[in-house]
Amino acid sequence: FPSGVTVKAIALAPDDGDTVAVITSSNEVEYSTNGGSSWTDLNAPATGATIGAIDVATGGAKIAVGGSNADGTAELYTRSLTMTGSWTARYTDGTGVAPSQTTIAAVKYSPNYATENIITVISGNTSALDANFQVFRETSGAYTWNDDIAYDGMTAWGASGVALTTAT
């Protein structure tokens, strides 16, 4: 990894330890498919965005990062890792719930993302002790959010990730 760069968050593809993505202290996203021997700069998802939550989907084909826009509203950004295309803002692209939260604290792809196309998000506010849990689904190129589930009096700050398990 380049010297002098501080890593804020890291994510591994659950099925491939060589596929890794990081958020740097300058809110840039770096991606490696060879265990960190070389890196590709995916840039920041948006000018002025502050990001801190990251995940890579099974198969390493997609990445999601969450944080705050420059205007202080929560935002989830996704991108294909085929090195084509760019970041897409999922709250403000017209498919998301209007953001009432100030940041995304955690983001996690479903372990079965290839068939379910589900991302979970925990968002919250710094001005109040509350957290929201949302489920985001991509179907045939269309994106939809469920209604959020609010947990007033709880905080999402300091969350280190969201664990999803399949029922047995």
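The values are calculated or read from the model by the stated rules, or taken from the named source; none is laboratory data. From a predicted model like this one, the values you see are computed outputs, not experimental measurements. For neighbour counting, all protein chains shown are included, and Cβ atoms are generated from backbone atoms with ideal geometry for every residue, glycine included. Each accessible area value is taken on the protein alone, full model and side chains, heavy atoms only, with ligands, DNA and RNA left out. Shrake-Rupley method; radii C 1.70, N 1.55, O 1.52, S 1.80 Å.
Residues in the stretch 28-42 that are in contact (Cβ under 8 Å) with a residue 24 or more places away in the chain and of a type in the set (S, T, N, Q): THR33, THR40. Would you mind stating whether ASP41 is open to solvent by 30 Å² or more (accessible area, probe 1.4 Å), assigned to a strand (DSSP E or B) and closer than 19 Å to THR88 by Cβ? When the stated conditions are applied, ASP41 passes them.
Of the residues making up the stretch 74-94, just one is modelled with pLDDT under 85, open to solvent by less than 60 Å² (accessible area, probe 1.4 Å) and β-branched (Val, Ile, Thr), namely THR88. Residue-level check: of (1) among the hydrophobic types (A, V, I, L, M, F, W, C); (2) part of a strand (DSSP E or B); (3) open to solvent by less than 40 Å² (accessible area, probe 1.4 Å), ALA46 misses just (2).
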